[in-house]
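First up is the structure itself, then whatever we jot down about it.
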Amino acid sequence: MATFRKEWFNPLYFILNDALKKHPEISKVFCYGSKSSAKTFSIGQYIAKECYLNNTDAICFRKESTRIKTTLKKTFSKAIKQTRLQNGYVTQDFMFKTTKGNSIVLTGLDNEDKVKGIEEFGYLLFDELDHYSFEEFEQADLSFRGESAKVFFATWNPISDKIWVKPYLDGFKWNDYELQLPSPESFVKISECGTMLYIKTIYTDNFWTVGSPCGTYGYKDDKLLQKYETLKTTNYKSWLVNCMGEWGIAENKNPFFYALDPTKHYAVNDIIWNKSDVLYLAFDFNISPMTCVVAQLKAGVYLNIIKAYKIRNITIKEFCGQIKRDFPGAIFKVTADPAGNSRSVGYDSVTTTMHSIIRQSLNIGLNQMDKPMLNWNRRDAWQEIRIFCNSVLQHHPNINISPKAAIELINDLEMATTIENEDKLYKTSGDTEFGMHLTDCFIYLLTTYFNTYLKRQL
């Protein structure tokens, strides 16, 4: 029988261990907080111990497969070593296998089929829950069932209170759990129905950041603590989010959309679609996600952004079908990524393009397809685009963005920043925090339909 010592673990581990033993009915654990708070690490220790001792398997997801080795794998390797179980596990490429034959599988959720068949696992982890859509979370939750399924863990940093996670959790009633973390800013709550645990933890709950209270174990990272103290004075908002685990978007010191004004541009309530007017669609094309901004407008009079779509693992034909179902009988006009007009092998024929699929799927003519009016091939294109978009935001008297139906667009617009010393929009590849796909849709919309309007104003 393996023996485990107290000084190998953080307080979060002991809370998990206590709650899940006393309350076997708990099936979900939501854990968020600051950087360096040992969220995933503590859960990793719990999973590693349980899989080894109780012949249980676990599957751990990260949204981006390419980052597994530098994130999940690194964290679980440390957790296994810290728990003194390295002799009980064999490390493979994307798996830790126990000497008893059980496994901890690490995988990316870049294909919805990967959540099928997870009922055979005892533990499921969604690392960085805020990177997943609610639909992906829901699908995993529905698939994680059966006799083997025990606990669904989810971790994230609270970079934005506008993502689906916070309103989802706020919809439940929570009571304080009998055990609490050391930091007064943290909390441990159990749902009124008794099936969920909700935890906030910050870096001072991590004894390998601040040292144990007794001073006999852990580690005090003076350099990191000094960085956090400096951040408090140089960027207080970022300190609240990244160090204190407060919900919000860290301060954007060089916003791409510097004229964006929540008090001016965000509607109080979601905007009702006017069925008698044209519906404008602005597409950005990616393998995953497909994105589209839906609007009704009359340049110089109003711009109402009704909805923002961000759907993963869907074809453009299926995407158009979804839009038609949501807006039955609509008259469409479309603008899109200019690259979507290129002929591509792999569609119905070599002459098929994204644009032609949209025309066919939405049953619209060439006169209903428009293109951005700025020259995207110019060396200074991003400077021109930035000036143009902010001029529209500044001068147009009536821009309204739906606060719920277009929340992911709002997120993108607020986070959008420029590359240092340039006007170019900072973007990362794939569906990451700074993928900026909905921002691209917004840019296509403005540069297509507001070019003439702005020229009249300036």
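Among the residues here, S186 qualifies as within 23 Å of the chain's Cα centre (by Cα) and not basic (K, R).
Residue-by-condition table, conditions (1) at pLDDT below 95; (2) part of a helix (DSSP H, G or I):
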| residue | (1), (2) |
| --- | --- |
| T3 | yes, no |
| F14 | no, yes |
| D18 | no, yes |
| Y32 | no, no |
| K49 | no, yes |
| T56 | yes, no |
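For segment 48-61, the candidate set comprises residues that are among the aliphatic types (A, V, I, L, M) and touching a helix residue (DSSP H, G or I) at 6+ places or on another chain (Cβ under 8 Å); within that set, the residue that is farthest from Y123 (Cα to Cα) is A48. Only strands (runs of 3 or more DSSP E) whose full extent lies in segment 103-217 are considered here, and the ones with at least 2 residues that are in contact with a helix residue (DSSP H, G or I) (Cβ under 9 Å, 6 or more places away or on another chain) and of a type in the set (S, T, N, Q) are 103-108. Looking at segment 53-76 only, could you name the residues that are of a type in the set (G, A, S) and under 16 Å from the mean Cα position of the chain (by Cα)? Of everything in segment 53-76, just one residue is of a type in the set (G, A, S) and under 16 Å from the mean Cα position of the chain (by Cα), namely S65.
Could you tell me whether S37 is assigned to a loop (DSSP other than H, G, I, E, B), crowded, with 23+ Cβ neighbours inside 10 Å and assigned by TED's automatic domain parsing to the domain that holds S143? Judged against the criteria, S37 is a match.
To keep it simple, each residue is scored yes or no on (1) in the same structural domain as S391 (by TED's automatic domain parsing); (2) farther than 30 Å from Q368 by Cα; (3) without any contact (Cβ under 8 Å) to a residue 60 or more places away in the chain; (4) surrounded by fewer than 16 Cβ atoms within 10 Å (Cβ to Cβ).
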position: S238; (1), (2), (3), (4): no, yes, yes, no
position: G245; (1), (2), (3), (4): no, yes, no, no
position: I272; (1), (2), (3), (4): yes, no, yes, yes
position: D277; (1), (2), (3), (4): yes, no, yes, yes
position: N286; (1), (2), (3), (4): yes, no, no, no
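Give the residues of segment 390-417 that are more than 22 Å from P289 (Cα to Cα) and either touching a Ser or Thr at 6+ places or on another chain (Cβ under 7 Å) or not aliphatic (A, V, I, L, M) (or both), sorted by residue number. Scanning segment 390-417 gives N390, S391, Q394, H395, H396, P397, N398, N400.
For segment 268-293, a tally of residues being closer than 29 Å to T428 by Cβ and assigned to a loop (DSSP other than H, G, I, E, B) returns 5. Selection within segment 62-76: residues that are modelled with pLDDT under 80 and of a type in the set (S, T, Y). The member of this set that is nearest to L125 (Cα to Cα) is S65. State whether one or more residues within segment 158-168 are under 27 Å from E50 (Cα atoms) and either surrounded by 16 or more Cβ atoms within 10 Å (Cβ to Cβ) or modelled with pLDDT under 95 (or both). No, segment 158-168 has no match at all. No other residue among Y217, Y309, Y258 is within 26 Å of K162 (Cα to Cα), surrounded by 13 or more Cβ atoms within 10 Å (Cβ to Cβ) and in contact (Cβ under 8 Å) with a residue 40 or more places away in the chain apart from Y258. Tell me, yes or no, whether segment 215-231 has at least one residue that is under 30 Å from N398 (Cα atoms) and out of contact with any strand residue (DSSP E or B) (no Cβ under 9 Å at 6 or more places or on another chain). No, segment 215-231 has no match at all.
The values are calculated or read from the model by the stated rules, or taken from the named source; none is laboratory data. The structure displayed is predicted, hence computed values, not measured ones. Every residue, glycine among them, receives a Cβ derived from its backbone with ideal geometry; neighbour counts consider all protein chains shown.
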